[in-house]
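The values are calculated or read from the model by the stated rules, or taken from the named source; none is laboratory data. The model shown is predicted, which means the values in this text are computed figures rather than measured ones. Please note: Cβ atoms are built from the backbone with ideal geometry, for glycine as well, and neighbour counts cover all protein chains shown. Heavy atoms of the whole protein, side chains included, go into the accessibility calculation; ligands, DNA and RNA do not. Shrake-Rupley method; radii C 1.70, N 1.55, O 1.52, S 1.80 Å.
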Amino acid sequence: MVKARYIMIGGFLGAGKTTAVLALARQLRADGKRAGLITNDQSFGLVDTAMLASHGFDVEEIGGGCFCCRFNSLLQASENLSRDARPDAFIAEPVGSCTDLRAAVSYPLRRIYGEDFEVAPLSVLVDPVRAERMLGLAPGRVFAPKVQYVYEKQLEEADAIVVNKVDLLDQARLDRLQSALASRYPQARLFAVSTRTCSGLEEWFAYVLTAAGGSQIAPEIDYETYAEGEALLGWLNCTVNLASKHEFDGNAFLRSLAARLRSAAKTGEIAHLKMTLSPDQGNDIAVLNLVRSDGAVEMSHRLQAPLESGQLILNLRAEDDPEQMWARTEAGLYATAAEFDAAANVEQHEFFRPAKPNPTHRMATV
Ligand SMILES: Nc1nc2c(ncn2[C@@H]2O[C@H](COP(=O)(O)OP(=O)(O)OP(=O)(O)O)[C@@H](O)[C@H]2O)c(=O)[nH]1
Ligand SMILES: [Mg+2]
């Protein structure tokens, strides 16, 4: 029996993990291979799941906690994906505020389930603009020191650090960032890619599809500081049904809502605001992202036609008070609905600070 490849693509919120998962899954499909995708969040109702599923891939969503703390759900997700079609590779995206994946996921998988999976090296993606600020190479808003601790731990445990979005940097900035990463995290192999323009992907994908998993000792981690850092981030997921008597422009709706949320969030740095809008008719989807408070709102997918009704999924992660995040989101939602002469019905919403991580397994060595 050929073992399925188990590939985990980590990295901080907004680094481009889901975009990379999609690019790798497409590559596998083009090569005649099957990919099973696994998304993960502290809660349920994920933009990432909706986005990946809209491309026709099999996706399992693990909600209610990170892979480390829901290790058995991760295995269950693999089993569910295997039931219909045995994937050649599982591609899993952990929560962007999560770390200690080497000790809590990769090594337990290798030690306990080495017969079933061939575990790939751990890739950690970075957004270069965020990384320049976090590493002190450029001015700009950064997160609190305990969030920074989580960010640094992610890089410390990486087999490969993948500088993504290189289309946003000139060569001098990229060189400076790469040399800072190489000197601070000498254990990691460095890649520079753009999942948007596809530059550098071939080399990185060849690595994740063929290289053996690393065997370095997992970095030590202070779970108190990690938990406090994660809990500084507010988390909000909501699903909303939109309906109007007239057709309205769904792309403009998302842009208008994002502008309201950004201007209302004056204090806490936005880590990632993402939304999808799926019309009730057809299978089109709009996807909007904002990955820092002073960043540009981007739409990676646009609706081709106006809609009368559809489902909006909104996920917001920011260094902010979750209750206030929800109050502002609700107000922004109703104001935007009024602007577009639509009714907004909140089907599900949750806002909270992530609970202290409590991994199912922790194995510092392979
Ligand atoms: N310019 C540029 N933008 C990119 C690239 N890759 C991803 N993005 C954008 O970065 C934003 C965030 O991408 P995602 O793939 O959702 O990031 P993520 O790491 O999965 O985010 P979380 O799941 O919230 O942690 C989106 O607007 C993407 O279109 C890239 O190579 N270049
Ligand atoms: Mg994602």
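Annotations for the structure displayed:
- Qualifying strands (runs of 3 or more DSSP E) (wholly inside the range 274-351; at least 3 residues being away from ligand 2 (no atom under 16 Å from the Cβ)): 307-318
- Scan the range 264-273 for residues that are open to solvent by 40 Å² or more (accessible area, probe 1.4 Å) and either within 16 Å of ligand 2 (Cβ to nearest atom) or free of Cβ contacts under 8 Å to residues at least 12 places away in the same chain (or both) and the total you get is 1.
- Test result for residue 139, within 16 Å of ligand 1 (Cβ to nearest atom) and either closer than 25 Å to residue 268 by Cα or not basic (Lys, Arg) (or both): no
- Number of the condition not met by residue 20 [criteria: (1) in a helix (DSSP H, G or I); (2) of a type outside the set (Lys, Arg); (3) under 17 Å from residue 209 (Cα atoms); (4) more than 15 Å from the chain's Cα centre (by Cα)]: (4)
Matching residues to (1) among the aliphatic types (A, V, I, L, M); (2) over 28 Å from residue 322 (Cα atoms); (3) part of a helix (DSSP H, G or I):
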{"position": "5", "(1), (2), (3)": "no, yes, no"}
{"position": "9", "(1), (2), (3)": "yes, no, no"}
{"position": "37", "(1), (2), (3)": "yes, yes, no"}
{"position": "50", "(1), (2), (3)": "yes, no, yes"}
{"position": "67", "(1), (2), (3)": "no, no, no"}
{"position": "106", "(1), (2), (3)": "no, yes, yes"}
{"position": "110", "(1), (2), (3)": "no, yes, yes"}
{"position": "115", "(1), (2), (3)": "no, yes, no"}
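- Selection count, the range 18-43, where residues are within 14 Å of ligand 1 (Cβ to nearest atom) and touching a strand residue (DSSP E or B) at 6+ places or on another chain (Cβ under 8 Å): 13
- Some residue of the range 324-346 being in contact with a His (Cβ under 7 Å, 6 or more places away or on another chain) and touching a residue at least 60 places away in the same chain (Cβ under 8 Å): yes
- Residues considered: 121, 108, 128. Of these, the only one that is touching a helix residue (DSSP H, G or I) at 6+ places or on another chain (Cβ under 6 Å), in contact (Cβ under 8 Å) with a residue 24 or more places away in the chain, open to solvent by less than 10 Å² (accessible area, probe 1.4 Å) and away from ligand 2 (no atom under 16 Å from the Cβ) is 128.
- Here residue 96 fulfils each of the conditions (1) in a helix (DSSP H, G or I); (2) within 12 Å of ligand 1 (Cβ to nearest atom); (3) over 18 Å from residue 204 (Cα atoms); (4) touching a helix residue (DSSP H, G or I) at 6+ places or on another chain (Cβ under 8 Å) apart from (1).
- Checking each residue in the range 1-59 for being open to solvent by less than 10 Å² (accessible area, probe 1.4 Å), of a type in the set (Ser, Thr, Tyr) and within 9 Å of ligand 2 (Cβ to nearest atom) picks out only 39.
- Verdict on residue 321 being touching a residue at least 24 places away in the same chain (Cβ under 8 Å), of a type in the set (Asp, Glu) and farther than 30 Å from residue 130 by Cα: no
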